[in-house]
Amino acid sequence: MVALQSGRGLRPLMLSWSRDLPCIWRALHTSAVCSKNRAARVRVDKGNKPVTYEEAHAPHYIAHRKGWLSLHTGNLDGEDHAAERTVEDVFLRKFMLGTFPGCLADQLILKRWANQVEICALVLRQLPPHKFYFLVGYSETLLSHFYKCPVRLHLQTVPSKVVYKYI
């Protein structure tokens, strides 16, 4: 902001962090550029959009009409490390999406039983069986090494994406 010195003419003087003009110090935004509210459900269209069972039901139907996609005891009262398990779940989902590109037919279901992690998924029949066997072994070995516990993949192949209904 520019201010005039008193008694010395019209020489500009720079003042930093002055609050005389609110547009100067309120110009910094720390929120996301495109912060819009969106519903966590699929919008109803003309009846030509195929959706799966998980997508067809809104999130408030969890434990009533649909189940949890991550099963563990971290959210029980008195249990620790719920945030770490959530980060691990995000990593596992991104790892599986990258390892099986375009082959996952539905969402992954992650189960933690004692010292073991089980990943259940529906997989499209796009790759030959020997490539699937390689990717399953590769994923189990690498994830077992990362998490220092046995990781098992339970895959079921389907010819095409499973459509629950059209919205």
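The values are calculated or read from the model by the stated rules, or taken from the named source; none is laboratory data. Nothing here was measured: the structure is a model prediction, and the numbers come from that model. Counting neighbours? That spans all protein chains shown, and the Cβs are built from the backbone with ideal geometry, glycine included.
What are the residues in segment 122-149 that are closer than 12 Å to M96 by Cα and among the β-branched types (V, I, T), if any?
V123, V136
Step by step: first the residues of segment 50-79, then only those that are more than 18 Å from I167 (Cα to Cα) and touching a strand residue (DSSP E or B) at 6+ places or on another chain (Cβ under 9 Å), then the one that is modelled with the lowest pLDDT. Which residue is that?
T73
Do you know which residues across segment 101-122 are among the hydrophobic types (A, V, I, L, M, F, W, C) and either out of contact with any helix residue (DSSP H, G or I) (no Cβ under 6 Å at 6 or more places or on another chain) or modelled with pLDDT under 90 (or both)?
C103, L104, A105, I109, W113, A114, V117, I119, C120, A121, L122
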